[in-house]
Amino acid sequence: MIRITTPLMAVFCLIFTSCTTDIEINNPALQAQVDGEIFRSSSKKAMIHDDGTLVIMGSEGDKSISFTIATSKMGTYKMGQTLNEVSFKKDQTKFFAQNQETQGEVIITEIYNNEISGKFYFKDLKDNNGNSTSFDNGWFYRLPIEAAVIEDIVTQEINPCLLNASLTAMVDGYEMITDDHSARPFGVGNVSIMIKATNIENEIEIVFPSNASPGTYSLSGSGDYSATFTKRKDKSSALGGTLIITEHNLDSQCISGSFEFETRSGVQVSEGVFDFGY
């Protein structure tokens, strides 16, 4: 562990704008002030998916943070634009970014030798009861980048649930047929699965724990079981609803079920059916 002192502190402050005399750095490192208290991750990494999406994750004890950027290039990314997924878990309570409420920014300052550094902040992440939490003076330093391993297509075993992925639903009485589907795990420690399905105008996202068993669960705008609906980039979280998992095979990574929910903007999503692999 390295304690920053002058003149090293002065050099570091040129890169990360918020510095205090008690900052300590591991190599690599991720930390921030969460509601005024220092959060230092003991487990941290950066992961790039096949589509170029960058996910940065960190955890310490019962706390974990994850945020997603649509690119892995150096630059500044704001909440609701290329920065579109943020979650924080503390004492079994999950906080998520809320459409048009959460403010935030991630700045990637350096990518070198397959390691990434930068800084971030998030204001007003909300839990299911409307409680908020905020991240200030956040930074990450030399996080190793993990990329997906491309296997030989001849020998690669393809999950049949991925080939046959589907999601349909009724949206305000009209049938929504999706043509682009994905389901992927995210988070550190307590991993969740996000199902996302889109067509030209609309998008449905459903989040649930990766170890969820078949059963009936209440959906909300945040928390372990949550959903959102987006129409022409206008994203609204679920006010209430139901998710029914009819089958979840952890070995084959296949999951199927049904859902319905109403969004905070008044959109009615009903008769939803999904069958996915991840």
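A Cα-only calculation for segment 23-98 places Rg and Dmax at 12.9, 36 Å. Within a straight-line Cα-Cα reach of under 18 Å, Lys78 can be paired with the following aspartates and glutamates, leaving aside sequence neighbours fewer than 8 residues apart in one chain: Glu101, Glu105, Glu110, Asp124, Asp136, Asp234.
Taking amide H positions as modeled 1.01 Å from N, with prolines and chain starts lacking one, the residues under 5 Å from Cys254 and 5 or more places away or on another chain are Asn249.
If you sort Thr178, Thr242 by accessible surface, 1.4 Å probe, largest first, the order is Thr242, Thr178.
Express the accessible area of segment 163-278 per residue in Å², computed with a 1.4 Å probe while the remaining protein chains stay in the model. The partial results should precede the final answer.
Working: 5470 Å² over 116 residues.
With the other protein chains kept in place, segment 163-278 gives 47 Å² per residue.
So which GluC sites (Glu not before Pro) in segment 192-240 pass both tests, a DSSP loop state and at most 13 other Cβ atoms within 10 Å of the Cβ?
Glu201
Give the lysines reachable from Lys63 as a straight Cα distance under 21 Å; neighbours fewer than 8 places away on the same chain don't count. Those lysines meeting the cut-off are Lys44, Lys45, Lys89, Lys90, Lys94, Lys119, Lys123, Lys126. At an R0 of 22 angstrom, the distance between the Cβ atoms of Asn131 and Asn84 translates into a FRET efficiency of 0.50. Evaluating 6.51 cos²θ - 1.76 cosθ + 1.60 at θ = phi - 60° for every residue in segment 198-215, the Karplus couplings come out as 9, 10, 4, 10, 10, 8, 10, 10, 10, 10, 7, x, 5, 9, 4, 8, x, x Hz, glycine and proline recorded as x.
Dividing the convex hull volume of the alpha-carbon atoms in segment 55-96 by its residue count gives 62 Å³ per residue.
The values are calculated or read from the model by the stated rules, or taken from the named source; none is laboratory data. Everything quoted here is computed from the prediction, not taken from an experiment. Here Cβ is always computed from backbone atoms with ideal geometry, including for glycine, and neighbour counts include all displayed protein chains. Only protein heavy atoms, including side chains, enter the accessible area calculation; ligands, DNA and RNA are left aside. Shrake-Rupley method; radii C 1.70, N 1.55, O 1.52, S 1.80 Å.
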